[in-house]
Amino acid sequence: MINLNLFPSRRLSIYMVRLFLTRSLAVLVALVLILMTLDLLGESGKILAVPGNGDSDLWHYVALRIPLLISRFLPFSVLLGTLIAFVGLNQHSEVVAMKAAGISAHQILAPLILASIGIAVVLFAFNETVVVKSARVVTAWTDNDYKPIPPESGVLSNVWLLSGEDLIRAGRVSGQGSTFRIANLAIYDRTGGELSRVIKADSAVPVPGGSEWTLRGARTYDANMNLVTKQSQVTGLSGVTPTQLTLAKVDPTQLDYWTLQQRIAGLEAAGRQTDEARAGLAHKVSQPLSILLMPLLAAIAAFGLARSGQVLVRACIGMALGFAYFVADNFSLAMGSNGAYPPAIAAWAPFLLFLLIGETVLVRTEE
């Protein structure tokens, strides 16, 4: 008799979900520990080379990097965890027993898909509240060669802006409104396409009610006279607004969903390209939802007779399908950021494609 319920029994559903969650968590912890150790080995020398940095700064770097690693490798951990769980179920003939009881492959996967939806929701919230802040701070800290940076929210680093013929580089932009300021400013003053002056300043703040900025700790190099002059305070950046600087660098990985929407509206109002920002906005939803694909892509390891000796081969195929999805997703997102694909297609095409592939493989394997 065929079981027409969407889910198997409550006991079996809890058993499957527990296997799924524990294996996935174990893989995630192992991956994060290994990758964090390798990353720290490469960066610890640079961090400790800065005078005043010590062990606390190493732990601070670890605290900033771990959320990024969790966000990036959680879908892959779910894939490997599901494969491990399914291989064990197959080898112990538990899948055969389930199917003998009239439970279909889709019913076996249903509890895992439901658990994946919960993980996806948690990952989306984690990305929006923790990961974007960590990415913003660790990028600014890295660009500043691990020297101390202010703790303000909304900090941007390595911002470039073209104002007329002049090139402007802001090492760090932070604050809002009256607290808005630039650190490590460089202005490349060009006339007729040729460099005439280079103005560097330790910091810059907008003049209240004016269209210029106060540059502090300024050093001006005159290319014509080959002369460097130093001034404690000068005015410059005429006509440049704080909004231009914040819109000059819109990195979807460093902005939450709603802030990114506001930046996209600002870019559109300024007549700027929004393909990269729109692709990143759509990917903020599609990336957590990719977790739903992992049980489907790994299901090939669960079905088929264990005595056929092909369990390891099927597990490798499931892993290859998962790798192929991540490659296709990154490629599609890069194409969308460059304007080659529409943003919605760039974010969702790999998801839909591998959903169809996973479903096809599942049906064929079950037969």
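Solvent-accessible area assigned to carbon and sulfur over the stretch 264-362 amounts to 69 percent, based on a 1.4 Å probe. The per residue volume of the convex hull around the alpha-carbon atoms of the chain is 176 Å³. Just to be sure I understand the curve: with the Debye formula and one point per C-alpha of the stretch 16-111, what is log10 I(q)/I(0) at q = 0.13, 0.24 Å⁻¹? At q = 0.13, 0.24 Å⁻¹ the computed log10 ratios are -0.59, -1.15. Protection proxy ranking, highest mean first, for peptides 234-240, 341-347: 341-347, 234-240, where packing is the per-residue count of other beta-carbon atoms within 10 Å, averaged.
Helix 257-269 and the longest principal axis of the Cα set of the chain meet at an angle near 50°.
Computed from label points 7 Å out along Cα-Cβ, the spacing between T129 and Y221 is 4.7 nm. May I ask for the angle, rounded to the nearest 10°, between helix 343-366 and the longest principal axis of the chain, with both axes built from Cα atoms and the value confined to 0 to 90°? So the helix axis and the longest Cα principal axis differ by about 20 degrees. Surface composition of the stretch 115-186: carbon plus sulfur atoms contribute 60% of the solvent-accessible area (1.4 Å probe, protein chains only, all chains present). One decimal place: the segment T37-V198 gains 53.8 nm when fully extended, by the rule 0.36 nm per residue minus the C-alpha distance.
The equivalent ellipsoid that matches the C-alpha gyration tensor of the stretch 182-243 spans semi-axes of 21, 14, 9 angstrom, in descending order. Under the simplified labelling scheme, the N338-S211 pair shows an inter-label distance of 3.9 nm, with each label point 7 Å from Cα along Cα→Cβ. Remark: for residue pairs K200/K230; K46/K147; K147/K284, the C-alpha separation exceeds 19 Å in K147/K284.
For V96 and A320, a Förster radius of 35 Å and the Cβ-Cβ distance give a FRET efficiency of 0.90, rounded to the nearest 0.05. Per-residue ellipticity at 222 nm, computed for the chain from helices alone with -39500 (n - 2.57) per DSSP H run of at least four residues, works out to -19500 deg cm²/dmol. Taking every protein chain into account, the accessible area of the chain amounts to 51 square angstrom per residue (probe 1.4 Å).
Length gained on full extension, L356 to F7: 123.5 nm, using 0.36 nm per residue less the C-alpha separation. When peptides 31-41, 111-121, 77-87 are sorted by average Cβ neighbour count within 10 Å, with the highest value leading, the order is 77-87, 111-121, 31-41.
The values are calculated or read from the model by the stated rules, or taken from the named source; none is laboratory data. These numbers were taken from a predicted model, which means no experiment stands behind them. Counting neighbours? That spans all protein chains shown, and the Cβs are built from the backbone with ideal geometry, glycine included. Note: areas computed on protein heavy atoms with side chains; ligands, DNA, RNA excluded. Shrake-Rupley method; radii C 1.70, N 1.55, O 1.52, S 1.80 Å.
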